[in-house]
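Student: One structure coming up, written as structure tokens, with questions to follow.
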Amino acid sequence: MAERCLCLTGSTLADDFAALERYRDLVDMVELRVDYLEPQEKFHIRSFPEKAGLPCILTARRRVDGGRFDEGEGVRLVLLAKGLAYASDDPQKNFAYIDLEEDFRVPALEEAARIFGTRIIRSCHDPDGVPDDLGAMWDSVSREPGEIPKIAVHPRGTGDVLRIFEKCASIGSRERIVVGMGDYGFCTRLLASKTGSTIQYASATGAGMEAAAPGQIDPDLLEDVYRTRLLGDYYALYGILGGPSVIGALSPRIHNAGFAGLGIEAVYIPFPADDLAAFFRLADILDIRGFSVTAPYKEKILPYLSSRSPEVERIGACNTVVRTEHGWTGYNTDTRGFGVDVLRFIGRENLEGIRVCIVGAGGAARAVAQAVKTLGGEACIVNRTMWRAKALAERFGFEWAGQNERAVEMLGRYSDLIVQTTSMGMNGGVPGDPLELYEFTGREAVYDLIYNPRETPFLARAREAGCRCANGIGMLREQAAEQFELFTGTAYPSDLEPIE
Ligand code: NAP
């Protein structure tokens, strides 16, 4: 299992020690990022390992490799030599590791490290992308048998992530460190058992420090949400597929709390994706057992499924995919999730006699339309792209309009309940209010499927006008509970604190 390493990026050693104390129980080792230290602090790095009391990596990362060091190679050499100098008989008083880039080969320094028992991490970084020839990058760091090869790259899409895991699968059991930076690379940080990484880097961001690299998260999140130290090397893998904003989704907290509550060896992580075919190849390599689907893939995923539940067939959108012996099966738990939560919100047992405006005509709107129909309501669909509004409305026998004056006229007749289902106003999505032409009267009940932020500009405007309002957190919890049962065959634990 990978050791968890806290990257210390304080400008003073005192700050670094304070951050270490904050996280000491949650980490196995630390990396002292000398390149973040103020000049006078660099004179005192030699005593750091003894005071830290944990195995330490000594690193002075250059700007070109994504670090801060820009004083030249001569100064860097002196600094690193200072870190190794006057080695003690007691290895705990020495740096346990030194990180040296593949093009920084100084035999005298390397010899000193070997004699003093400091292991060399031989690293190569591409902070801007993943090189076409990842094999050559790996070869450049893996020449010396006693060193620990490290590659750190910045995937810019699902294809890049796939190439990283493919490369890892081809390496065999050689000790290594592999890091994918940024949102796309986030899964490589969490799945150290799948990359074969012996070190998992964490940031001290919860202690106010800068992350040493994009995508690094703090030990609290690794421990509480993803339980990376509690899981063995073999666990069932689940996740959420979506656009870039899926990194901020609440679903990992919900599902992982369920696994923890029931003692299930499983983890659920975000997979932002830009290429569905590449994602499915990744799902095979990683043996993903099932995943949630969110914007913008609820409809686009359909051609990749080998079977679909009657609900998916009816509404033409899928938010849950489960691996079976015969391929991928798609389900939709949004319909029930919305139905249960909206009835709770308006305090009724059905929607009979309720006239509803559904704003949006994407995957989520389809589920909402199905729920409104099943619960006996009447509705109109308002959407930016008119043909999509028309297609969805005709499927359910509802009225429709574009985002225009006709929508305002129709809202005069369909405003007992207004349900916002577009991605406008979502964190990481397009800012704005999809119904800005409409003046709320204060008598409408207004439900926004978005829960991040808790209140979109649309919902804030409705609340200010005196409307009763709800966001999508209740729906999220309801649909996730049904998903959890589809994934595990077990009901979601009922005694957990609700995730906010
Ligand atoms: P989707 O299939 O991609 O549909 C997006 C919808 O938003 C379409 O109607 C689209 O209109 C509209 N839209 C996007 N950008 C717009 C813009 N700039 N101006 C006007 N309209 C715009 O996404 P989805 O899967 O339906 O998800 C939509 C939202 O619902 C997301 O924020 C998602 O997080 C949320 N959601 C929440 C829950 C929950 O449990 N609370 C469940 C499902 C979804 P066009 O047709 O014109 O492109």
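Student: What's the magnitude of the charge dipole for the chain around its Cα centre, counting Lys and Arg as +1 and Asp and Glu as -1 at the beta-carbon? Answer in Debye, nearest 20. Write down the numbers at each step before the final one.
Tutor: Values: 55 positive and 72 negative charges, 164 e Å.
Approximately 780 debye in magnitude.
Student: Grab the alpha carbons of segment 1-132, take their convex hull, and tell me the volume per residue in Å³. Don't jump to the answer; show the numbers that get you there.
Tutor: Values: hull volume 16.4 nm³, N = 132.
That works out to 125 Å³ per residue.
Student: Semi-axes, largest first, in whole Å: what does sqrt of 5 times each Cα gyration tensor eigenvalue give for segment 269-309?
Tutor: Values: eigenvalues 46, 34, 22 Å².
Whole-Å semi-axes of the equivalent ellipsoid: 15, 13, 10.
Student: Kindly report, to the nearest 10 Å², the accessible surface of residue 245 as traced by a 1.4 Å probe over protein heavy atoms only.
Tutor: We get 40 Å² for residue 245.
Student: Placing +1 on the Cβ of each Lys and Arg and -1 on the Cβ of each Asp and Glu in segment 101-211, which of 198, 118, 157 has its Cα farthest towards the positive end of the resulting dipole?
Tutor: So the residue we want is 198.
Student: Counting only helical runs of four or more DSSP H residues, what would the 222 nm mean residue ellipticity of the chain come to if each run contributes -39,500 (n - 2.57) and the total is spread over all its residues?
Tutor: Details: 18 runs with 174 residues, N = 500.
Here the helix-only value at 222 nm equals -10000 deg cm²/dmol.
Student: Still on this structure, I have one more. Got a number for the accessible area of residue 352? Probe 1.4 Å, square angstrom, nearest 10.
Tutor: Looks like 110 Å² after rounding.
Student: Same structure again: Could you state the angle between the C-alpha long axis of helix 251-262 and the longest principal axis of the C-alpha atoms of the chain, as a value from 0 to 90 degrees rounded to the nearest 10?
Tutor: The angle comes out near 80 degrees.
Student: Pick out, from 372, 418, 386, the residue whose Cα sits farthest towards the positive end of the charge dipole of segment 337-418, with +1 on the Cβ of Lys and Arg and -1 on the Cβ of Asp and Glu.
Tutor: Sorting the options by dipole projection puts first 386.
Student: Under a point spin-label approximation (7 Å from Cα along Cα-to-Cβ), what is the residue 156-residue 64 distance to one decimal in nm?
Tutor: Computed distance between label sites residue 156 and residue 64 equals 2.0 nm.
Student: Take the alpha carbon atoms of segment 135-248, find their radius of gyration, then divide it by 2.2 N^0.38 Å using N residues; give the quotient.
Tutor: On the way: Rg = 14.3 Å, N = 114, 2.2 N^0.38 = 13.3 Å.
Ratio of Cα Rg to 2.2 N^0.38 Å: 1.08.
Student: log10 I(q)/I(0), Debye, Cα-only segment 239-334, no solvent, q = 0.11, 0.20, 0.26 Å⁻¹?
Tutor: The computed values of log10 I(q)/I(0) come out as -0.30, -1.01, -1.48.
Student: So what does log10 I(q)/I(0) come out to for the chain at q = 0.07, 0.11, 0.12 Å⁻¹, using the Debye formula with one equal point on every Cα and no solvent?
Tutor: -0.46, -0.93, -1.03
Student: For residue 289, tell me the accessible area in Å² from a 1.4 Å probe, rounded to the nearest 10.
Tutor: 100 Å²
Student: Still on this structure: Got a sec? What order do 77, 84 fall in by accessible area at 1.4 Å, biggest, i.e. largest, first?
Tutor: Ranked list, largest accessible area first: 77, 84.
Student: Now a separate question. Could you tell me how many degrees, from 0 to 90 and to the nearest 10, lie between the Cα long axis of helix 73-84 and the main elongation axis, the longest principal axis, of the Cα atoms of the chain?
Tutor: 80 degrees
Student: Still on this structure: Cα to Cα, under 13 Å, and not fewer than 8 places away if on the same chain: which aspartates and glutamates meet these conditions relative to residue 300?
Tutor: 274, 275
Student: Taking the radius of gyration and the Kirkwood hydrodynamic radius from Cα positions alone, what is the Rg/Rh ratio for segment 3-226, to two decimal places? If you can, show how the numbers build up before the last one.
Tutor: Values: Rg = 16.4 Å, Rh = 17.5 Å.
Here the Rg-to-Rh quotient is 0.94.
Student: For residue 168, what is the net charge nearby, where nearby means another residue's Cβ is under 9 Å from its Cβ and Lys, Arg count +1, Asp, Glu -1?
Tutor: Once positives and negatives cancel, what remains is +2.
Student: Could I ask something else about it? Sum up the charges of everything whose Cβ sits under 15 Å from the Cβ of residue 132, counting Lys and Arg as +1 and Asp and Glu as -1, but leave residue 132 out.
Tutor: Once positives and negatives cancel, what remains is -3.
Student: Ignoring solvent entirely, what values of log10 I(q)/I(0) come out of the Debye formula for segment 335-477 at 0.13, 0.17, 0.21 Å⁻¹ when each Cα is a single scatterer?
Tutor: So the normalised log intensities work out to -0.47, -0.85, -1.41.
Student: Another one. From Cα pairs below 8 angstrom and at least 6 apart in sequence, can you work out the relative contact order of segment 3-226, rounded to a whole percent? Write down the numbers at each step before the final one.
Tutor: Values: 417 pairs, mean separation 42.2, N = 224.
Once normalised by length, the contact order is 19 percent.
Student: So, by mean Cβ neighbours within 10 angstrom, what's the order for 332-345, 134-147, 19-32, 357-370 with the highest one leading?
Tutor: Numbers: 332-345: 22.6, 134-147: 15.0, 19-32: 18.9, 357-370: 26.9.
Ranking the peptides 332-345, 134-147, 19-32, 357-370 by packing returns 357-370, 332-345, 19-32, 134-147.
The values are calculated or read from the model by the stated rules, or taken from the named source; none is laboratory data. All values reported here derive from a predicted model rather than from experimental measurement. Heads up, the Cβs are rebuilt from the backbone with ideal geometry, glycines too, and the neighbour counts pull from every protein chain shown. Quick note on the areas: whole protein, heavy atoms, side chains included, nothing else; ligands and nucleic acids left out. Shrake-Rupley method; radii C 1.70, N 1.55, O 1.52, S 1.80 Å.
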